[in-house]
Amino acid sequence: DLHAVRKGDSWPLSYLVGPVLSKSFQLIQTIDSSNPVKFMVAAVSTFGPRKFIQEVMLEQNECSSRSEEKNRNLSLKRFLQHFNEIFVPWCLQTDSCSTSARLNLLFALLDDECFSEQCNSIILHAASSHDSYYTCILALVMEKTREECIKKKLHVDLSHHELLGSIALSVTCSFPPFGCSDARAALGGKTEEDPTCLLSENTSTVIYEELFEKLRSFIGTSNFTWVKDANKELSKAKEHLTIKGCESSVSLLEMANFAMEVLNGSFFRLINLSKNSTLLAHVLAALFVIDWEHSTSVVFYEGLDIEAYSEAKDRYNFCKSVHSFRRKINKFLKTISPDCRSTLGSTLVQAIRCVVFNEDKLEIDKVTSLGCLFFLDVMDNLCQSQVEEQTLMDQLLNNSASWPLWVTFDGQRSATLKTEIKFSDASENYRVATFVEKLMLKVGLARVIAGSISSEDSMA
């Protein structure tokens, strides 16, 4: 009890831990063992980064005597010098079984006073090599940097690192991909409470455009006619980067899985991109379409053994995972900007028209039921007023080259039945009539035909 360590006591470091580590530090650097490194992590946690480095570096410092160093605090400049020149290169060595322990030591040595400078040094060194193993190390470094920022409630701006952005972008565009964590670690935004992003907004935007293209390429290989037709609406998005080497269905599924894993780990970064609400709308539209393909597959494979169709099963399972993800993010859809919701709603309405009018692998009754289900999904998750709801209803029932006339609009948001209609195909008439009938049963005659809106809503 007489020699028990009390809070603030540093004698165990000065007379026990420090001398041992100082004399054995060079040996610890040469052997590949995690145990001494873990002991160093514990020492840093107990005595603090600066005191730890001061004691450990005494044996290596030939410019000052031991007593001179012990009687003064290590200056910030010398602390950063030792950290940058000795600990960063050593802790980021690759192909070692002690890599994880050394990374823990490196981040244990972060000091609040120079947190940003240390993070910059770590990122720059980790990004200096372009091989795949170093890319994985860089991903771990970025993930730990974000965790430390959140834990210590500190901010570090790494958006000016062009090399870091270039590596993250190359990971996103590569085929086969390195791994989802390599990209999402830099993006951040896994939760609402995770605002830390290590990439610039422009780089983040390009990455999400590439992820959208991966999803769109997957959608284009669907066996359902309406999904392929809906993909044409998605192709109207902003010009995208070219994906090479992923023509097969297996590779496209792999790319789509990669895109979803990154989105799942950085969704709130996408929501918070301030300059591009159109990009968010297109990514969300792709998720809706894949989710709806899952619903279509459930109906199509009803009574069949999907286990017998290996390729179809893999695609089905992926669509099912997107369905689960969409349910998780639904509560955030009404928080996005009105322009984004409007763009998303218009795109999804065109997809629903493709379902009702173009799908040929299901009976008309099932197709129209799905179309009705999808439109209710849009109304429930996007519309915040009756005006917004009726705008989408107008777009849904409006005539076009690929949609039979059903109603005409007088410009005042009210609609009347058009009685003299001639269809080139009797099935078109039946499809639209069946769809509208089911829609009226769900939402009411007035909302589908009359377009009635309260006076308060019409003045909004």
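Worth pointing out:
- Qualifying residue in region 32-45 (condition: of a type in the set (Lys, Arg), in contact with a helix residue (DSSP H, G or I) (Cβ under 9 Å, 6 or more places away or on another chain) and either modelled with pLDDT of 80 or more or part of a helix (DSSP H, G or I) (or both)): yes
- Residue within region 325-336 that is at pLDDT 90 or above, in contact with a Ser or Thr (Cβ under 7 Å, 6 or more places away or on another chain), part of a helix (DSSP H, G or I) and under 30 Å from Ser251 (Cα atoms) present: no
- In the set Glu213, Glu209, Glu247, only one residue is more than 23 Å from Thr296 (Cβ to Cβ) and at pLDDT 90 or above; that residue is Glu209.
- Listed by position, the helices (runs of 4 or more DSSP H) inside region 80-169 whose residues that are modelled with pLDDT under 75 and open to solvent by 10 Å² or more (accessible area, probe 1.4 Å) number at least 1 are 132-152.
- Contact annotation: residue pairs with Cβ atoms under 6 Å, 6 or more positions apart or on different chains, pairing a residue in region 76-93 that is free of Cβ contacts under 8 Å to residues at least 24 places away in the same chain with a partner that is among the charged types (D, E, K, R) and crowded, with 17+ Cβ neighbours inside 10 Å, are Cys91/Arg102.
- Out of Phe300, Phe325, Phe268, one residue alone is touching an Asp or Glu at 6+ places or on another chain (Cβ under 7 Å) and farther than 18 Å from Leu234 by Cα. It is Phe268.
The values are calculated or read from the model by the stated rules, or taken from the named source; none is laboratory data. These numbers were taken from a predicted model, which means no experiment stands behind them. Using ideal geometry, Cβ is built from the backbone for each residue, glycine included, and neighbour counts are taken over all protein chains shown. Note: areas computed on protein heavy atoms with side chains; ligands, DNA, RNA excluded. Shrake-Rupley method; radii C 1.70, N 1.55, O 1.52, S 1.80 Å.
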